[in-house]
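Just below is one structure, and these are the notes that go with it.
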Amino acid sequence: MSEIAFQERTVKVLAAAQILNGVGVAGTVAAGSLLVSSITDSESLAGLAQTSSILGAAALAIPLARLTARGGRRLALSVGYLSGVLGSILAIIGGSTKTLVLMLLGTFFVGAASAAGYQARFAAIDQASDEHRARQLSLVVWGLTIGAVAGPNLMEPAGNLAERLGLPRLVGPYLISATTLALATIVIQIFLRPDPYLT
């Protein structure tokens, strides 16, 4: 595979994973705040979900960078996305049982998927030439933007799915998040070969 073809393939894989990541993470933002509010019966505490998510992204940014240095982009991105899957499951359990600690722990780990999304931007330019670097980066950022726009629009069907499964409506976006972040992990594991960082 030529260097140009390799870079184009890498960007397509990263953009696809970013769309899935964006759908998963963005859909949980409003749902998380509403869930915390319903658990605590306090609107003033609703912001704890978003705060927890931001703290998760910040706390895991450096560990994910270290994983990249040790094992490449596939390892770091997969760990970040899988942390988001774990967080989504914890949020579903916390929201269903009205357990605030589990809910906030879940949003913390969903924040890790955000950190992985930021790492994917660096992966987009690992092999990019100087004249194509900005374009390659913008394509991956656009992938996340598409997902971030689509995610919140799935709140109603996600709520309907949750109700069909006997769960509270507000955990629906976390069901979507767990699914799309798991799919993002699969995309990275199967298609991000060879690893652009190690190459």
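The values are calculated or read from the model by the stated rules, or taken from the named source; none is laboratory data. None of the values given here were measured: they were computed from a predicted structure. Every residue, glycine among them, receives a Cβ derived from its backbone with ideal geometry; neighbour counts consider all protein chains shown. Ligands, DNA and RNA are stripped out before the accessible areas are found, and what is left, the full protein with its side chains, is counted by its heavy atoms. Shrake-Rupley method; radii C 1.70, N 1.55, O 1.52, S 1.80 Å.
What the table shows:
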| quantity | calculated |
| --- | --- |
| Fraction of accessible area attributable to carbon and sulfur, the chain (%, probe 1.4 Å) | 67 percent |
| Region 93-146: projected area of the alpha-carbon convex hull, averaged over directions, in nm² | 4.5 nm² |
| In sequence order, calculated HN-Hα J values of region 76-81 (Karplus, 6.51, -1.76, 1.60; Hz; x Gly/Pro) | 5, 5, 5, 5, x, 5 |
| Global size of region 2-119 as Cα Rg and Dmax, reported in angstrom | 15.7, 58 |
| Volume per residue that the Cα convex hull of region 59-199 spans, once the total is divided by residue count, Å³ | 98 Å³ |
| Distance between modelled label sites at Thr145 and Asn160, nm, 7 Å Cα→Cβ extension | 3.0 nm |
| Pairwise centroid distance, computed over Cα atoms, of region 110-152 with region 13-36, Å | 14 Å |
| Å² of accessible area per residue within the chain, as computed with a 1.4 Å probe and no ligands counted | 47 Å² |
| 12 Å beta-carbon shell around Gln18, net charge (K/R +1, D/E -1) | +2 |
